[in-house]
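Below: one structure, written as structure tokens.
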Amino acid sequence: MMAIEAQKVVKSFGDFAALKSITLNIPGGEFVAITGKSGSGKSTLFYSLSGLDTINSGHVRVLGKNIHAMPQDELHDFRNTKMGFVFQFHYLVSELTGLENILLPAKKKNLHKEKREYALYLLDYFAIAHCKDKLPSQMSGGERQRVAVARSLIMNPEIIFADEPTGNLDSINSEIVMNIFREINLKNKTTVILITHDDEYAHLADREIRLKDGEIESDVHYKKR
Amino acid sequence: MFELAIKYIFSRKLQSLLMLIGVAFGCGGYIVFTSIQTGFQNFLKERLIENNGHITIRSREDYITTDSLAGVFFQGKNIYWITEPSGKRSHDYLQSAWYWQKRLEKLPYVVANTRRIEATTTCSRGSFSRSIALRGIDPVNEPKVTNIAEDIIEGKLQMLSSGNNMVIVGVELLKFLGAKVNDTINIINPNGHVYPVKIVGIYSSGDRRNDESLVLGSITTVQNILESPGKITKIVVKTVDANKAALFAQELSHYSYDKVESWDQANINFLSMTKQQTLIRQITMFTFILVVSFGIYNVLNMLVYQKQREIAILRSIGYTSADTVILFLLQGALISIAGGVIGLIAGYAACSYIQTIKLPGRPMMVAWDLSIYIWGFMLVIISALFASFLPAKNAGRLSPIEIIRRTE
């Protein structure tokens, strides 16, 4: 099944066309890196594919659903259960502990009690068990980002959207985070859409879609590791 | 959202505490100011009603005009007055007191009624003399209509019936005359005739004007002094509800040409003053609560600004716009409820203390009315919720993608 099908997606900001009729298909379980220089439209594509932003024309189907035609409530629900998000800045809630931050998406569905064990497992799996009761201000940058990744996984999403997740991390933590994405993809068959400007990390993916001036410049499939 | 709202509140202890104190002051302040003012107004109102009943019926005073004399002398003819008629036409005494009493006894809203004869005269003792308000009352019926009997600090009202020429004198007047109970004083009637009367009691209402001038006697005694046998100047009525006295008075006025006046109609200036006081209090409280609301608005607005990125992530992980509105509204609601409860307790405690403060002649008057507490609580809750709603609504309007774009 296709995780994402985008047909002639156009997104403009006034006269500036950020995406010029992008068409792409991402099968389920694929690890895709979207790369390109600043202003190439990769973040805009990320937001358009995830339904965080609207598009001017075209269609985006995520797991078979036309997300831009969905009512808002349904879209929120869809994002909560089917998608996980990781941003460059961790965006943890500063008043909540590591465990509480991870359980935040589950809380929306009142599933936080059922998901607690899984959250503890994720903390352990990502080697941040010691952050369980720590506030974000008491964690390192790498720990915060790993908490954010754990949060994106708590609802067992079918697609992970990661926007420059290593952009704010040192090389060691960047590698840890990237390996986590690779493992999630391999172990859970979760589709990972990774926005990065780092070629090294792009090569960890199954496929690299390079954008230039709002258009796909290249679409390269790498040999699976 | 509830848990997160609590976390937000406790993570900003100083801001939350200031909001809480503001709300508590608003609620407590409203309760204290309103209780004191209402208590004082109720006290004055009770004094007015206590002394003069709910309704008084007396002979009507009319201004004489050309219209009131039309047709009296030359029916059907045009009259050109050289000097237009003027002045007042009045009867000093109620012409139909007996008729009134019979009718009043049958009315369901009349609790009791009593007759009075009143006049301004002079009393003297030795070389001291003073103008007095001489009031002839029915010692049996008067206590059913007014609380005058409770103000007798020595002797009893019933002693006025124990013989002719017995009087009860205001405490200040007694001091002025240098007299005491069982002494005799002279009352000089409008015709200049002197009547010696015996003091059988002392009256003290706390109202200096009354205490300096009031002399109570039985109706017969006062009629004798005024040389007006069988005459009555007014009937005083107690109804089932003092607040409806004006309505009852209006109905009674249809029965006769006599002047029927309720206590509030007779004291319209006093009521205007209390209304003005209430208005001033309401404006003061409104301003105060407005300042508290602005405080809440500013704190929450700042919080929404500071929490933009967290709002963005909440929205991206499935929380709706309504969830973010609820998150901030809950904070306002929780703080306002907590502050309101503290305000209720503080207001109650302050009122309890204030009531123990002694003023000259009486303690501080405080109204213990549940509605004051309900109003105080509701007022701050509604104001705080309204103040929280605007920042909460702004939080709900934030576009997650715009926040992310701005911060990345």
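Couple of notes before you dig in:
- Gyration tensor (Cα) of region B:104-250, equivalent ellipsoid semi-axes in angstrom: 28, 16, 13
- Kirkwood's formula applied to the C-alpha pairs of region B:47-181 gives a hydrodynamic radius of 18.8 angstrom.
- Above-threshold pairs, the threshold being 26 Å between Cα atoms, out of A:Lys134/A:Lys189; A:Lys42/A:Lys65; B:Lys106/B:Lys156: A:Lys134/A:Lys189; B:Lys106/B:Lys156
- Intensity falloff of chain B expressed as log10 I(q)/I(0), Debye formula with alpha-carbon point scatterers, at q = 0.08, 0.11 Å⁻¹: -0.66, -0.90
- Kirkwood hydrodynamic radius computed over region A:140-225 comes to 13.6 Å, based on all pairs of distinct alpha carbons.
- Gyration tensor over alpha-carbon atoms, region B:177-260, equivalent ellipsoid semi-axes in Å: 32, 19, 10
- Its DSSP H runs of at least 4 residues, each contributing -39,500 (n - 2.57), put the calculated 222 nm mean residue ellipticity of chain A at -10500 deg cm²/dmol, to the nearest 500.
- Around B:Met273: net Lys/Arg minus Asp/Glu count, Cβ-Cβ under 15 Å: +3
- Rounded to the nearest 20 debye, dipole of the protein assembly as shown from Cβ charges on Lys, Arg, Asp, Glu: 740
- Legend: distances between Cα atoms for A:Lys37/B:Lys307; B:Lys307/B:Lys393; B:Lys88/B:Lys244; pairs beyond 20 Å are A:Lys37/B:Lys307; B:Lys88/B:Lys244.
- Considering only B:Leu177, B:Ser272, B:Pro391, and ranking their Cα positions along the charge dipole of the protein assembly as shown that arises from unit charges at the beta-carbon of Lys, Arg, Asp and Glu, the one farthest toward the positive end is B:Leu177.
- Percentage, to the nearest whole number, of Cα pairs in chain A over 21 Å apart: 54
- Tensor-based shape of region A:99-138 (alpha-carbon gyration tensor, a/c under 1.5 rounded, otherwise prolate or oblate): oblate
- Among B:Met19, A:Met1, B:Met378, the order by Cβ neighbours within 10 angstrom, fewest to most, reads A:Met1, B:Met378, B:Met19.
- Per-residue Cβ neighbour counts within 10 Å put B:Val23, A:Val177, B:Val194, B:Val215 in the sequence B:Val194, A:Val177, B:Val215, B:Val23, beginning with the fewest.
- With respect to chain B, whose longest principal axis is taken over its alpha-carbon atoms, helix B:268-306 is tilted by about 10°.
- Per-residue Karplus couplings for region B:180-194, computed as 6.51 cos²θ - 1.76 cosθ + 1.60 with θ equal to phi - 60°, are listed in order as 9, 4, 5, 6, 10, 10, 9, 10, 9, 7, x, 7, x, 7, 9 Hz, Gly and Pro entered as x.
- Remark: the Cα gyration tensor places region A:32-149 in the oblate category, a/c being 1.5 or greater and a/b not exceeding b/c.
- Dipole magnitude of region A:114-225, debye to nearest 20 (Cβ charges: Lys/Arg +1, Asp/Glu -1, about Cα centre): 520
- Taking each DSSP H run with n ≥ 4 as -39500 (n - 2.57) and averaging over every residue of chain B yields -17500 deg cm²/dmol at 222 nm.
- Distance distribution note for region B:264-392: the fraction of Cα pairs above 24 angstrom is 49%.
- Ranked B:Tyr109, B:Tyr80, A:Tyr121, criterion: other C-beta atoms within 10 Å, fewest first: B:Tyr80, A:Tyr121, B:Tyr109
- Using every pair of distinct Cα positions in region B:8-59, the Kirkwood expression returns a hydrodynamic radius of 14.5 angstrom.
- For the protein assembly as shown, the calculated P(r), taken from all Cα-Cα distances in 10 Å bins from zero up to the bin holding the longest distance, is 3, 12, 15, 13, 9, 8, 7, 7, 8, 8, 6, 3, 0, 0 percent.
- Counting only DSSP beta bridges with both residues in the protein assembly as shown, the antiparallel share comes to about 70 percent.
- This model, with +1 at the C-beta of Lys and Arg and -1 at the C-beta of Asp and Glu, gives chain B a dipole about its Cα centre of some 620 debye.
- The share of C-alpha pairs in region B:1-107 whose separation exceeds 20 Å stands at 74 percent.
- Along each principal axis, taking the top coordinate minus the bottom one, the Cα set of region B:287-355 gives 57, 21, 15 Å in descending order.
The numbers here are math on the coordinates, done by the rules we state, and not lab data. Note that the structure is a prediction, hence the values are computed from the model and not measured. Cβ coordinates were reconstructed from backbone atoms using ideal geometry, including for glycine residues, and neighbour counts include every protein chain displayed.
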